[in-house]
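First the structure, in the form of structure tokens, and then the observations on it.
The values are calculated or read from the model by the stated rules, or taken from the named source; none is laboratory data. Small disclaimer: the values here were computed from a predicted structure and weren't measured. We place every Cβ from the backbone using ideal geometry, glycine too, and count neighbours over all the protein chains shown.
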Amino acid sequence: MKLIECVPNFSEGRDLNVINQITAKITEIDGVKLLDVDPGNATNRTVVTFVGEPNAVVEAAFQAIKKASEVIDLAKHSGAHARMGATDVCPLIPISGVTTEECIELSEKLAKRVGEELEIPVYLYEKSAKSPERTNLAKIRAGEYEALPEKLKKPEWKPDFGPAKFHSRAGATVIGVREFLIAYNINLNTRSEAKAHDIAKGIREKGRWARDEKGNFVFDENGKHVFAPGIFKELKGVGWYIDEYGVAQLSMNFTNYKITSIHAVFDEVCRQAEKRGLRVTGSELVGLIPKDAILAAGNHYLAKQGSSLGVSEEELIHIAIKSLGLDELTEFDPDKKIIEFMVFPRKGNLVKMDLREFANETASDSVAPGGGSISALAGSLGAALGTMVANLTFVKKEFKANRPRLNELAVKGQTLKDELLQLVDKDTDAFNQIIAAIRLPKSTADEKATRLKGIENATKNAILVPLRVMETCFSALEICEEMARNGNKSSVSDAGVGALVAKAGLEGAFLNVQINLKDLKDADFENEVMTKAKELSAKANILQDKTLATVKQHI
């Protein structure tokens, strides 16, 4: 799942009609979700947050920038916040399944379109910057809108994209890639803001005023305090008192959580608090957090307990919430706090059913869910059983030396299980896409051509989904075989059952591949898929026989 966030800042925070026209352009684009619109009256600025698939986000950003250039006249703008453009800054932030490098390419693609199609000067900043002096937004924006006419005449301020020409309505726009910012507070059992701030100064990157060996403050040649850096990079922090809760907090911004994690900071603050006779009572997340940041915390605390990491995603999140005390002050709802879950709900229409509902729906006169979804479900149960045996073996003392491998298998099994559960709904969705394509209009030659192309593409997708089920089921079967051979022998029958249902899922998916291939016109695609599917089936037969032979030796 590729997901990026975009947080454009528009130079209008008072006229809701103007703001709504801009955000409407974002919501028109399929594949994006508008998360927040935060207008400020004093700043006369609106911060918009939306997320989605990369290309969809770039399109939504372009359309919003275009509309802003039409409805905002920066020559008439005034407000407390620094600004140089109708769309002042437009950062892209990688969330999941996408690299910083990919986002940089997307930022350049967006900047090129804005510069060429809208004739707005565009500067690249942060990770997209082409030179060090353009990394910092404040340096690019120095002098603001009013300085642009003269600034654009200077060779050193030639835009990265667009004309070196003053755009009186839209000004100039800054586009680039930055990391996700996590706003996070840690609660202390004190009302003392000073004590909280003292801890914050010791852990933040900026640090505190440096002292010499005699305890005197150190100053530079300009008479300004020299700072001694704190423990963590990419971390900003202060201490403050929250009257609403009656506690002091460390209020922090993580500007790159991949360098400094929330759990590392939480543990260090616990140590620093204890040195001062204080205690950390919990923490609070302000806004959203990427899933990998919360899962990393769950893995960290499970590892500290000496437990297997091969647990469900839900359990990892639960461990993180409880270990960090994220629910101390208010409820922590993962579906509202984890950015991926806001965009892509964790459960599809079928997977969210209970067992009886799912069985009843399958047995109804509806053609979906059918064999494809059932195959994916069978595979997920096979993966779950293989994972269970790995976890049961992990806790046995006699297998202590094998724990790294058992942990690896359990984690992999959880991943396979989760993917196969997603494929339960994806298989039904793929079938529905074929039906939707068949129902396309066919009155004219163009409509007929579009309909046939739609059917062909939907059919290919309906083949690739069960092919992926086959691949994933085979990986689950491999885990079951290894656990039958090297796992706790009292659970060997569970590994055998896991192999049987994983193999059933694989063969069931193979039937779906074949029945959909007969409607396909692309012979090369058919040959490629059938070669791969037959190979998987043949290898699965060997692996299942090997697993059952091992099981029979121990029952």
Of the conditions (1) within 21 Å of ALA147 (Cα to Cα); (2) surrounded by fewer than 21 Cβ atoms within 10 Å (Cβ to Cβ); (3) basic (Lys, Arg), the single one that ARG83 does not satisfy is (2)
Cβ contacts < 7 Å: first residue over 18 Å from ALA60 (Cβ atoms) and of a type in the set (Ser, Thr, Tyr), restricted to the stretch 7-24; second residue modelled with pLDDT of 95 or more and in a loop (DSSP other than H, G, I, E, B), any location; separation 6+ or different chain. Result? SER11/ILE72; SER11/ALA86
Do you know which residues across the stretch 128-141 are surrounded by 13 or more Cβ atoms within 10 Å (Cβ to Cβ) and either among the charged types (D, E, K, R) or not in a helix (DSSP H, G or I) (or both)? SER128, ALA129, ARG134, THR135, ASN136, ARG141
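Residue-by-condition table, conditions (1) among the aromatic types (Phe, Trp, Tyr); (2) assigned to a helix (DSSP H, G or I); (3) touching a Pro at 6+ places or on another chain (Cβ under 8 Å); (4) crowded, with 16+ Cβ neighbours inside 10 Å:
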residue: THR362; (1), (2), (3), (4): no, yes, yes, yes
residue: SER375; (1), (2), (3), (4): no, yes, yes, yes
residue: LEU385; (1), (2), (3), (4): no, yes, no, yes
residue: LEU392; (1), (2), (3), (4): no, yes, no, yes
residue: LEU440; (1), (2), (3), (4): no, no, no, no
Taking only pairs six or more apart or across chains, which ones have beta-carbon atoms under 7 Å, a first residue in the stretch 62-74 that is in a loop (DSSP other than H, G, I, E, B), and a second residue that is among the small types (Gly, Ala, Ser)? ILE72/SER11; ILE72/ALA86
Specify the residue that is farthest from the chain's Cα centre (by Cα); the eligible residues are those in the stretch 98-127 that are surrounded by fewer than 23 Cβ atoms within 10 Å (Cβ to Cβ) and assigned to a loop (DSSP other than H, G, I, E, B). GLU119
Take SER493 and tell me if it is surrounded by fewer than 19 Cβ atoms within 10 Å (Cβ to Cβ), in contact with a Phe, Trp or Tyr (Cβ under 6 Å, 6 or more places away or on another chain) and at pLDDT 95 or above. no
For the list (1) under 25 Å from GLU179 (Cα atoms); (2) not in a loop (DSSP other than H, G, I, E, B), I need the number of the one condition that GLY230 fails. (2)
Given (1) within 25 Å of the chain's Cα centre (by Cα); (2) part of a loop (DSSP other than H, G, I, E, B); (3) of a type in the set (A, V, I, L, M), index of the condition LEU278 fails: (1)
Yes or no: the stretch 237-260 includes at least one residue that is part of a helix (DSSP H, G or I) and not assigned by TED's automatic domain parsing to the domain that holds ILE93. no
Filtered residues of the stretch 416-459 (kept if of a type in the set (Val, Ile, Thr) and touching an Asp or Glu at 6+ places or on another chain (Cβ under 9 Å)): ILE434, ILE455, THR459
Among the residues listed as PHE431, PHE399, the single one being modelled with pLDDT of 90 or more and out of contact with any Cys (no Cβ under 9 Å at 6 or more places or on another chain): PHE399
Screening ARG169, ARG208, ARG134, ARG113 for residues that are in the same structural domain as LYS76 (by TED's automatic domain parsing) and under 23 Å from THR255 (Cα atoms) leaves only ARG134
Let me spell it out: the conditions are (1) in contact (Cβ under 8 Å) with a residue 24 or more places away in the chain; (2) more than 30 Å from the chain's Cα centre (by Cα); (3) farther than 22 Å from LYS66 by Cβ, and LYS165 meets all of them except one. Which number is the exception? (3)
Would you pick out the residues in the stretch 364-373 that are surrounded by fewer than 24 Cβ atoms within 10 Å (Cβ to Cβ), out of contact with any Leu (no Cβ under 6 Å at 6 or more places or on another chain), in contact (Cβ under 8 Å) with a residue 24 or more places away in the chain and not hydrophobic (A, V, I, L, M, F, W, C)? GLY370, GLY371
Every residue from the stretch 270-284 that is among the aliphatic types (A, V, I, L, M) and touching a helix residue (DSSP H, G or I) at 6+ places or on another chain (Cβ under 6 Å): VAL280
